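Comments concern the structure below.
Readers should treat all values here as calculations from the given coordinates under stated rules, not as data from a laboratory. This one's a predicted model, so the numbers in the text were calculated from it and none came from an experiment. Reconstructed Cβ throughout: ideal geometry from the backbone, glycine too, with neighbour counts over all protein chains shown.
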Amino acid sequence: MQYKILSRLIISSLLAGSIAFGASFKDLEQKCGSGDVNSCGILGKLYYSGQETPRDVAKAIQYLKKACDGNVADSCNALGYFTEYGDSIAQSYEGALKLYHKACELGSDKGCFNVGVFYFKGIKVNKDPIKAKDYFNKSCELGNKEGCRNAIFVDH
């Protein structure tokens, strides 16, 4: 039970700030259907958290995938989390790392941080403190304070 609560809190924070103020749920559905991938990402968050609609993780993942395919960084990072922890989809560290890399390349501080963790811990990659520090630094440059702290403490 605590894992599920923690999981929901983490995903909500991963996508925090993504709700478009003034946009109704139906507006978001229409925009997503018309190709607005940012609206798809917002819908994914709403379906996952159960805000403004009944909670539906399958729909959340569907919308997040559409947004990630459209290069919405935070949606790729959220999918990476789902994939890393097997939250409602098959667990795959390789898949998670790929999604975190994409999120990082698209400018997600959390995506860069997560790639750094994979290199620091050696999760499905060789442990590489130099690469870990590089990704933590990139995360820091993008505004992630935890990335800044980790970059300081990772020894080359």
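Some notes on this structure:
- Overall dimensions of the range 66-112 by Cα: Rg and Dmax, Å: 9.3, 26
- Only the Cβ atoms of Lys and Arg (+1) and of Asp and Glu (-1) were treated as charged; on that basis the dipole of the range 60-101 about its Cα centre amounts to roughly 120 debye.
- The dipole here belongs to the range 36-89: it is taken about the Cα centre, uses +1 on the Cβ of Lys and Arg and -1 on the Cβ of Asp and Glu, and is about 100 debye.
- With the cut-off at under 17 Å, measuring from each backbone N in the range 62-80 to a point 7 Å along the Cα-to-Cβ line of E146 picks out 74-80.
- Compactness of the range 116-156 as Cα Rg over 2.2 N^0.38 Å, two decimals: 1.02
- Packing, as the average of other Cβ atoms within 10 Å across residues, places the peptides 116-124, 64-72 in the order 64-72, 116-124, highest first.
- Here the range 109-134 and the range 22-93 have alpha carbon centers that stand 25 Å from each other.
- Considering only Cα atoms, the convex hull volume of the range 52-156 works out to 96 Å³ per residue.
- Computed lengthening from Q91 to S24, 0.36 nm per intervening residue step minus Cα-Cα distance: 20.8 nm
- Computed about the Cα centre, the dipole magnitude for the chain is approximately 260 debye when only Lys and Arg (+1) and Asp and Glu (-1) carry charge, each at its Cβ.
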